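The structure appears right after this line, and notes come after that.
Each reported figure results from applying straightforward, stated rules to the coordinates on display, with no laboratory input. This structure is a prediction, so every number in the text was calculated from the model and none was measured. Cβ: placed from backbone, ideal geometry, glycine included. Neighbour counts: every protein chain shown.
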Amino acid sequence: MADAPQIPDEAEVRARWGAFAWTAENAEKAKAVIARYPAGRQRSAVMPLLDLAQRQVGAETQTQGWLPVPVIEYVAAALDMPFIRAYEVATFYTMYNLVPVGRYHVQVCGTTPCLLRGSDDVMAACKNRGMTKGKTTPDGLFTLTEVECMGTCTNAPMVQINDDNYEDLDYDSMTRILDDLAAGKTPKTGTQVPGRHTSEPEGGPTTLKEMVKANHDYRKDW
């Protein structure tokens, strides 16, 4: 991830989150996750439990969620593992937010395929709404982060906003998505190209047999 700010374990953070505990619903979810692993191997549940904790923080703050140090400590204690081991996981994977974010965490891919296909225009649409990389807008609505490849290169350029991917973007479609979110609407996820289905070729799927007439047959030249 291009932007990876980390918040220190400050007094106000510990005062706010030092008493973190699972909700009744999440306690049952955590118990079910831990039960997937053999006895003594409960540490293997660290990733899903960190995600669950981040979502609980998000629900309590009406944001996409983040992981304050006391919350990571809570997860580590629940799994009987050293804090530093849980912290290593939280700081390694970009799915975990180490600073507060807005209601919508806009992660723009800036890796080569997306860059060549117009990620600069996507970023421009974000900046046009007052976003700055690594910052949250004053209204608390959007946090903008530039990230590395998220594995949707056939539909470049793309962004991930919270749990949803938006693909085949340009300036106008990205602007429309942000406008919808700001208005409390639910924009269409996935590809933004009309008629395209997931990562199929634009214009629909093809087969080699169907392409014979459209392509030169080099076999006679061999």
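Go through the cysteines of the chain and tell me which have no other cysteine Cβ under 4.7 Å away.
Singleton cysteines: CYS126, CYS149, CYS153.
Counting DSSP beta bridges with both partners in the chain, what percentage is antiparallel, nearest 5? Write out the running numbers ahead of the final one.
Values: 7 of 16 bridges.
Close to 45 percent.
Please find the FRET efficiency linking LYS29 to LEU208, where r is the Cβ-Cβ separation and R0 is fixed at 41 Å, and quote it to the nearest 0.05.
On the way: r = 47 Å, r/R0 = 1.15.
According to the calculation, E is roughly 0.30.
Between PHE142 and residues 5 or more places away or on another chain, which pairs have amide H atoms under 5 Å apart, with H built 1.01 Å from N, and which residues are they?
ARG103, TYR104, THR137
Using a 7 Å offset from the Cα along the Cα-to-Cβ direction at both TYR171 and LEU116, what is the distance between the two label points in nm, to one decimal?
2.3 nm
Considering the dipole of the chain built from charges on the beta carbon (Lys and Arg +1, Asp and Glu -1) around the Cα centre, which of ALA59, ALA90, ILE34 is farthest to its positive end?
Farthest towards the positive pole: ILE34.
Which one, LEU115, LEU208, LEU181, has the greatest fluctuation when you compute a Gaussian network model over the chain with C-alpha springs under 10 angstrom?
Highest fluctuation among the options: LEU208.
What does the helix-only formula give at 222 nm for the chain: each DSSP H stretch with n ≥ 4 adding -39500 (n - 2.57), the total divided by the residues, and the result rounded to the nearest 500 deg cm²/dmol? If you can, show how the numbers build up before the last one.
Values: 8 runs with 81 residues, N = 222.
Estimated from H runs of four or more residues: -11000 deg cm²/dmol.
Return the single residue from MET150, MET123, MET174 with maximal mean-square fluctuation; model: Gaussian network over the chain, springs between Cα atoms under 10 Å.
With Cα springs under 10 Å in the chain, the top fluctuation among MET150, MET123, MET174 is at MET150.
Which of rounded, prolate or oblate describes segment 18-61 when judged by the alpha-carbon gyration tensor and an a/c cut-off of 1.5? All intermediate terms of the calculation are to be shown ahead of the outcome.
Values: a/c = 2.34, a/b = 2.01, b/c = 1.17.
The shape class here is prolate.
Give me the angle, in degrees from 0 to 90, between the Cα long axis of helix 83-92 and the longest principal axis of the Cα atoms of the chain, rounded to the nearest 10.
20 degrees
Can you list, bin by bin at 10 Å, the percent of alpha carbon pairs in the chain, starting at 0?
P(r) for the chain, in whole percents per bin: 7, 27, 27, 21, 10, 5, 2, 0.
Where a Cα-Cα gap under 28 Å defines reach, which lysines qualify for LYS185, not counting those fewer than 8 residues away within the same chain?
Candidates past the 8-residue exclusion: LYS127, LYS133, LYS135.
Might you report the magnitude of the Cβ-based charge dipole of segment 104-191 about its Cα centre, with Lys and Arg at +1 and Asp and Glu at -1, to the nearest 20 debye?
Numbers: 8 positive and 13 negative charges, 41 e Å.
The calculation lands at about 200 debye.
For THR191, enumerate residues with amide H under 5 Å from its amide H, sequence gap 5+ or separate chain, H modeled in the peptide plane.
Close amide H contacts, sequence-distant or interchain: GLU167, THR198.
Can you sort LYS29, LYS185 from fewest to most other Cβ atoms within 10 Å of each residue's own Cβ? Could the numbers behind the result be given before it?
Numbers: LYS29 16, LYS185 10.
The order, fewest Cβ neighbours first, is LYS185, LYS29.
For the chain, with only Lys/Arg (+1) and Asp/Glu (-1) charged at the beta-carbon, what is the dipole magnitude about the Cα centre, in debye rounded to 20? Before the final figure, lay out each step's value.
Details: 23 positive and 29 negative charges, 90 e Å.
Charge dipole of the chain: 440 debye, to the nearest 20.
Let me check against my output: what whole-number percent is the relative contact order of the chain, with C-alpha pairs under 8 Å and at least 6 apart? Don't jump to the answer; show the numbers that get you there.
Numbers: 317 pairs, mean separation 35.8, N = 222.
Worked out over the chain, it gives 16 percent.
What number do you get for segment 11-92 when its Cα radius of gyration is normalised by 2.2 N^0.38 Å, N = residues?
Working: Rg = 12.2 Å, N = 82, 2.2 N^0.38 = 11.7 Å.
Relative to the rule-of-thumb radius for its length, segment 11-92 sits at 1.04.
Build a GNM of the chain with springs between Cα atoms under 10 Å: which of PRO38, PRO187, PRO201 gets the top mean-square fluctuation?
PRO38
Just the number, please: Stokes-Einstein D of segment 104-191 in µm²/s, Kirkwood Rh from C-alpha pairs, 25 °C, 0.890 mPa s. Before the final figure, lay out the partial values.
Values: Rh = 12.5 Å.
Value of D from the Cα-based Kirkwood radius: 196 µm²/s.
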